[in-house]
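Structure first, commentary second.
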Amino acid sequence: MSAHHAASVPTSVNPIVTLDTEECWSLLASAALGRLAVSVADSPDIFPINYYADGSSVLIRTAQGSKLLELTINSRVAFEVDSFTATDGWSVVVKGTAVALEKQKDIFAADDTPLTPWIPTEKEVYVRITPSEITGRRFVFGPEPDRP
């Protein structure tokens, strides 16, 4: 990269900003597609999944199958959502515990959320991710600085 390009980016702009919890929940609420990361027997797996964020937890729907089986074996998960434009982007990561809803009152409450499957398959199981940690970062894109 030439010095001209590097000089065009203001040096006062921090290209990485750590977000507070409130900003993280706001960004989670603004999107609808994330990635659920699980790990069973030292074998990681990741699934794109639509979700609903209520400000204190993340709700997903799934069917019987590998996702649900893996969550049953190891309920510790990571869930990541991001977005970007030509000039900036953001990423929020939720780490926590995923548990299938079993109480009828919890299922009825989940039915009242705007969460619906995107593909025409039955997703009869609600899973709630309760965070133990939520982190986020906002990025400002620009050219790489000149190397010494």
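The values are calculated or read from the model by the stated rules, or taken from the named source; none is laboratory data. This structure is a prediction, so every number in the text was calculated from the model and none was measured. Every residue, glycine among them, receives a Cβ derived from its backbone with ideal geometry; neighbour counts consider all protein chains shown.
Each residue in the stretch 95-122 was checked for being of a type in the set (Lys, Arg), farther than 20 Å from ASN74 by Cα and in contact with a strand residue (DSSP E or B) (Cβ under 6 Å, 6 or more places away or on another chain), and 0 of them qualify. Count of the stretch 1-27 residues, restricted to those that are part of a helix (DSSP H, G or I) and modelled with pLDDT under 50, is 5.
Filtering the stretch 35-84 to residues that are surrounded by 12 or more Cβ atoms within 10 Å (Cβ to Cβ) and either among the hydroxyl-bearing types (Ser, Thr, Tyr) or touching a Cys at 6+ places or on another chain (Cβ under 8 Å) (or both) leaves SER39, TYR51, TYR52, SER57, THR62, SER66, THR72, SER75, SER83.
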